[in-house]
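Right, one structure below, let's go through it.
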Amino acid sequence: MRPKVKWHRSFRFAYEGVKYALSTQRNMKFHFFAAFAALSLALFFGLPKLEILFILLAVTMMIVTELINTAIEKAVDLAMPDRHPLAKIAKDVAAASVLVSAAFAAMVGMIVFYDPVDRLFREARASEGHSFSAAMVWILLSLVILTVIVIQTRFSRKDRRMKPSLLVAVAFAISTLITCYVAVTFIGLLSYLLACLVAFLLYDKSGRSWASLVLGAFIGAFIAVLAYYLFQL
């Protein structure tokens, strides 16, 4: 008869499972980062209890489905090391559950955070500033490009992958400029969605790390915001 596992050891095994998934699965790292960002924004905007509960539900579903997906993948690899149509179906269905939970989390985030973000953007646009000319826009983009190149060549070692992404920096700089000047916040959010799609494509196709993508996004958005407010002086 198999001996019973003590409850504190079962918690230890579960903790080891979370650590393994977080250290080996790229998607799990992204889910944890997204959960941290969502919860931080919820505290920043002071959301009510009901909306925080929806965020916690979405975050929990996203992480749980990724854990189950990882477990299914490893079990299928153990039972069927070679390629098999049924093994592919099992992995695809498990991955589909992660996709569904991620879509639910994205919809919850867009619904919950839209009004606070809209208020934030309206307050930021309350003070009228000088409009950028076409020449100034190109100068701003050139400044973003030069900043990223300097960081890549002077402050990043060759053996490190945490180098800011040039394309993501430019995409987020353009999205920030659009958001600063349009009167409808939803249009600005759509521009940020396109910038996020650029980052996702680089992550999926080029294997860029999330750290380099986030750093590029921060540089592009920060320089655009800084230039926007400096031209108001």
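Kindly indicate which of Ser142, Ser209, Ser165 is at pLDDT below 85 and either over 21 Å from Asp118 (Cβ atoms) or more than 16 Å from the chain's Cα centre (by Cα) (or both). Walk me through it before giving the result.
Values: Ser142 fails: at pLDDT below 85; Ser165 fails: at pLDDT below 85.
So the residue among Ser142, Ser209, Ser165 that is at pLDDT below 85 and either over 21 Å from Asp118 (Cβ atoms) or more than 16 Å from the chain's Cα centre (by Cα) (or both) is Ser209.
Give the residue that is surrounded by the most Cβ atoms within 10 Å (Cβ to Cβ), with candidates limited to residues of the stretch 204-213 that are assigned to a helix (DSSP H, G or I) and without any contact (Cβ under 8 Å) to a residue 12 or more places away in the chain. Please lay out each step first, then the result.
Filtering the stretch 204-213 down to residues assigned to a helix (DSSP H, G or I) leaves 204-206, 210-213.
Cutting the leftovers down to without any contact (Cβ under 8 Å) to a residue 12 or more places away in the chain gives us 204-206.
Details: Asp204: 9, Lys205: 8, Ser206: 11.
Per the criteria, the residue is Ser206.
Out of all the residues in the stretch 191-203, is one or more farther than 25 Å from His31 by Cβ, buried (at least 19 other Cβ atoms within 10 Å of the Cβ) and at pLDDT 85 or above? Please lay out each step first, then the result.
Here is the first cut: in the stretch 191-203, the ones farther than 25 Å from His31 by Cβ are none.
No, every residue in the stretch 191-203 fails to be farther than 25 Å from His31 by Cβ, buried (at least 19 other Cβ atoms within 10 Å of the Cβ) and at pLDDT 85 or above.
Could you check, for the stretch 24-44, whether at least one of its residues is more than 23 Å from Trp210 (Cβ to Cβ) and without any contact (Cβ under 8 Å) to a residue 24 or more places away in the chain?
Of the residues in the stretch 24-44, the ones more than 23 Å from Trp210 (Cβ to Cβ) are none.
The answer is no, given that none of the residues of the stretch 24-44 is more than 23 Å from Trp210 (Cβ to Cβ) and without any contact (Cβ under 8 Å) to a residue 24 or more places away in the chain.
Looking only at helices (runs of 4 or more DSSP H) that fall completely inside the stretch 1-98, which ones have 1 or more residues that are modelled with pLDDT of 85 or more and closer than 30 Å to Ile111 by Cβ?
Working: elements: 7-24, 26-45, 49-79.
Here the list reads 26-45, 49-79.
Mind checking which residues of the stretch 74-117 are of a type in the set (Lys, Arg) and in contact with an Asp or Glu (Cβ under 8 Å, 6 or more places away or on another chain)?
Step one: of the stretch 74-117, the residues of a type in the set (Lys, Arg) are 74, 83, 88, 91.
Residue satisfying the conditions is Lys91 alone.
Find all pairs meeting these conditions: Cβ atoms under 7 angstrom apart; at least six residues apart or on different chains; first residue within the stretch 91-120 and in the same structural domain as Cys196 (by the TED database) and open to solvent by 50 Å² or more (accessible area, probe 1.4 Å); second residue of a type in the set (S, T, N, Q) and part of a helix (DSSP H, G or I).
No pair meets every condition.
The values are calculated or read from the model by the stated rules, or taken from the named source; none is laboratory data. Bear in mind the structure is a predicted one, so any value in this text is a computation, not a measurement. Heads up, the Cβs are rebuilt from the backbone with ideal geometry, glycines too, and the neighbour counts pull from every protein chain shown. Accessible surface areas use protein heavy atoms only, side chains included; no ligands, DNA or RNA. Shrake-Rupley method; radii C 1.70, N 1.55, O 1.52, S 1.80 Å.
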